[in-house]
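Student: Handing you this structure, nothing more for now.
The values are calculated or read from the model by the stated rules, or taken from the named source; none is laboratory data. In this text, all values refer to a predicted model and were calculated from it rather than measured experimentally. Positions of Cβ are backbone-derived with ideal geometry, glycine not excepted, and every protein chain shown enters the neighbour counts. When the accessible area is computed, the model is the full protein with side chains, heavy atoms only, and any ligands, DNA or RNA have been set aside. Shrake-Rupley method; radii C 1.70, N 1.55, O 1.52, S 1.80 Å.
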Amino acid sequence: MPEQLSPAYLKKLANTYGTPLYVYHAEKIKEQYERLQKAFAQINTRFFYACKALTNLNILRYIRSLGAGVDCSSIFEVKLALHAGFSAANILYTSNGINFIEIEEAQQLGVIINIDSLSNLEKFGRKYGHTYPVGVRLRPNILAGGHIKISTGHDKSKFGIPVDQIDKVIALVEKYNMRINDLHIHTGSDIKDADVFVKGIEILFDVIPHFADLESIDLGGGFKVSYQENDTVTDVELLAKKLAEAFAAHPNPAGRLLQVWFEPGKFLVSESGYFITCVNVIKETSSAVFVSVDSGFNHLIRPMFYDAYHRIENISNPEGEWQKYSVVGNICETDTFAWDRNIREVHEGDYLAFYNAGAYGFEMSSNFNSRLRPAEVLVKDGQTHLIREREKLEDLLKNQPRVL
Ligand code: LLP
């Protein structure tokens, strides 16, 4: 089992590549992928990496080399995945509220498509009828996930076709003689409880018999990983056991063996990632001791956006005295990474490492305040590789023709 990258090693990387810096550990991704494969070995399963978590091309290539497929949420992710060497047959495009033109493009590229509205399903049926099999994303009306902003399957969510409208789906399928080969649900992210997935599959069992061409059911992503000590995580082994039991209680609902698909994002890459920053300023006030780092929510938005917890370690002083700090960014707006957090004594110039930074870290970064995006480094087989250069001023200037 790969150890976490050590504070001393991370510090060396910060010295070599500068900060702020994203670092990913390939062997940790592999370990997570193998854990899934092992847990679900008794079930006919297929895993599509939800690449919205982290699309660096080298990460995509690495995950492809492990044997996973890829789940995409835009046509550009589809194109990146093709560029990274995934074959169209291993690319799943789970669309959401998109223009039909994008679905036509995905069809031309030959990828697997999931449609999430009656409107696009009708357009698809009218244009392709029986000729191109397609999946349907349903909204199961289940409230799940670690934060309301990352709950997607509940009865007020925009995602998917509400399962209570299944008659309309069936009517369209009949009208256009469509081949529905997959039913998809995704209820949210950071789902601790395996029973949520079981509830989802129970809902699907009721509708499966209506779709004669079905080959798979897709239960989406959302497995929760550990962010802090003693954190509850999704017990994937227990989930596999419960799914096997659910199938045993509903033998052959489609009249043939269905494959079960998952779309893990965080599970594969969250723990592989570290975000390293450097302390610019320490400010003592009557309310808090602020530690300002050379980054902000422009580089790691999860704490401000979802109240997410990221473990923060002073990798420059790992044996120092514990102190309480509020770790803040340098963005000109409230920009807090952690309030009143116990961290080993901090000095200006120290490096602070944020853990669980592989998923939705760099990927959700921006140029807010006209700051440059960090570099990314991959650690694999004990070697380090720069896999994205730090941005430069020229990157901010390009695409802006001078007209005045
Ligand atoms: N499949 C679909 C259709 C999704 O919408 C998502 C995530 C996934 C799979 C992967 O979910 P995961 O295994 O990564 O939980 N930015 C938020 C998470 C948003 C997730 C959006 N959809 C965060 O940083 O917590």
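Student: For segment 270-397, take every pair of Cα atoms, bin their distances at 10 Å starting from 0, and report each bin as a whole percent.
Tutor: With a bin width of 10 Å, the distribution comes to 12, 44, 34, 9, 1.
Student: Assuming a viscosity of 1.567 mPa s and a temperature of 4 °C, what translational diffusion coefficient in µm² per second does Stokes-Einstein assign to segment 172-302, Rh being the Kirkwood radius over Cα pairs?
Tutor: It diffuses with D of about 71 µm²/s by this estimate.
Student: Karplus couplings for segment 267-277 from phi (6.51 cos²θ - 1.76 cosθ + 1.60, θ = phi - 60°), rounded to Hz, Gly and Pro as x?
Tutor: Those phi angles translate into 4, 7, 10, 3, 6, 6, x, 10, 10, 10, 10 Hz.
Student: Only Cα pairs under 8 Å and at least 6 apart count here; give the relative contact order of segment 270-397 as a rounded whole percent.
Tutor: Relative CO of segment 270-397 lands at 29 percent.
Student: Report, in listed order, any pair from 52/158; 30/192; 11/52; 127/149 with a Cα-Cα distance greater than 30 Å.
Tutor: 127/149
Student: Compute the acute angle (0 to 90°) between the alpha-carbon long axis of helix 118-128 and the principal axis of greatest extent of the alpha-carbon atoms of the chain; round to the nearest 10°.
Tutor: Value to nearest ten degrees: 60.
Student: Tell me the trypsin sites (Lys or Arg not before Pro) within segment 205-289 that lie in a loop according to DSSP and have at most 16 other beta-carbon atoms within 10 Å.
Tutor: Sparse-neighbourhood loop trypsin sites (Lys or Arg not before Pro): 256.
Student: Sticking with this one: Which one of 196, 289, 136 has the biggest mean-square fluctuation once the chain is modelled by GNM with Cα springs under 10 Å?
Tutor: Fluctuation is largest for 289.
Student: I've got another one for you. Just subtract the alpha-carbon distance of residue 147 and residue 385 from 0.36 nm times their residue separation and send over the number in nm, one decimal.
Tutor: Answer, rounded to one decimal: 82.2 nm.
Student: What is the Cα centroid distance between segment 53-79 and segment 151-184, reported in whole angstrom?
Tutor: Cα centroid of segment 53-79 versus Cα centroid of segment 151-184: 26 Å apart.
Student: A further question follows. Rolling a 1.4 angstrom probe over the protein heavy atoms, how many square angstrom per residue are accessible across the chain?
Tutor: Value returned for the chain: 44 Å² of accessible area per residue.
Student: Okay, moving on. In nm, to one decimal, how far is the residue 237 label point from the residue 193 one, both placed 7 Å along Cα→Cβ?
Tutor: Simple spin-label model gives 2.3 nm for this pair.
Student: When only C-alpha pairs under 8 Å and at least 6 residues apart count, what is the relative contact order of the chain, in percent?
Tutor: Relative contact order of the chain: 19 percent.
Student: Helix-only mean residue ellipticity at 222 nm, the chain, DSSP H runs n ≥ 4 weighted -39,500 (n - 2.57), per residue, nearest 500. What is it?
Tutor: -8500 deg cm²/dmol
Student: With θ set to phi - 60° and the Karplus curve 6.51 cos²θ - 1.76 cosθ + 1.60, what are the ³J(HN,Hα) couplings of segment 104-112 in order, to the nearest whole Hz, using x for Gly and Pro?
Tutor: Running phi through 6.51 cos²θ - 1.76 cosθ + 1.60 with θ = phi - 60° gives 4, 5, 4, 5, 5, 6, x, 8, 7 Hz.
Student: Report, as a whole number in µm² per second, the diffusion coefficient that Stokes-Einstein gives for the chain at 20 °C and 1.002 mPa s using the Kirkwood radius over alpha carbon pairs.
Tutor: In µm²/s, the coefficient is 95.
Student: Also, I was wondering about something else. Mind grabbing the accessible area of residue 263 for me, 1.4 Å probe, Å², rounded to tens?
Tutor: Approximately 10 Å² for this residue.
Student: Could you compute how much accessible surface residue 142 exposes when probed at 1.4 Å, giving the result in Å² to the nearest 10?
Tutor: The accessible area of residue 142 comes to roughly 10 Å².
Student: Starting from 0.36 nm per residue, how many nanometres of slack lie between residue 392 and residue 309 once their C-alpha separation is accounted for?
Tutor: Answer, rounded to one decimal: 26.9 nm.
Student: Express in nm, to one decimal, how much length is gained between residue 323 and residue 368 on full extension, taking 0.36 nm for each residue of separation and deducting their alpha carbon distance.
Tutor: 13.1 nm
Student: Can you give me the distance in nm between label points at residue 123 and residue 38, each placed 7 Å from the Cα along the Cα-to-Cβ direction?
Tutor: Result for the modelled spin labels: 4.5 nm.
Student: Are there GluC sites (Glu not before Pro) in segment 1-107 that DSSP puts in a loop and that have at most 13 other Cβ atoms within 10 Å, and which ones?
Tutor: Loop-located and lightly packed - 3.
Student: Can you list the HN-Hα couplings for segment 63-69, worked out from phi with the Karplus curve (6.51, -1.76, 1.60; θ = phi - 60°), rounded to whole Hz and with x for Gly and Pro?
Tutor: 5, 4, 5, 6, x, 7, x
Student: At q = 0.09, 0.10, 0.13, 0.23 Å⁻¹, what is the base-10 log of I(q)/I(0) for segment 122-248 according to the Debye formula with one equal point scatterer per Cα and no solvent? Please give it to two decimals.
Tutor: For segment 122-248, the Cα-only Debye profile gives -0.29, -0.35, -0.57, -1.31.
Student: Right, another one. Given a 1.4 Å probe and the protein chains all in place, what does the accessible area of residue 216 round to, in Å² to the nearest 10?
Tutor: 0 Å²
Student: Which percent of the accessible heavy-atom area of segment 11-58 goes to carbon and sulfur, probe 1.4 angstrom?
Tutor: The nonpolar share, carbon plus sulfur, comes to 43 percent.
Student: Under 5 Å between amide hydrogens, which residues at least 5 positions from residue 192 or on another chain qualify, with H placed 1.01 Å from N in the peptide plane?
Tutor: 145
Student: Who wins for biggest fluctuation among 389, 284, 237 in a Gaussian network model of the chain, springs between alpha carbons below 10 Å?
Tutor: 284
Student: Continuing with the same structure: Of all accessible surface on segment 270-397 at a 1.4 Å probe, what whole percent is carbon and sulfur?
Tutor: 47 percent
Student: Measuring from label point to label point, each 7 Å out along Cα→Cβ, what is the residue 290 to residue 165 span in nm?
Tutor: 4.7 nm
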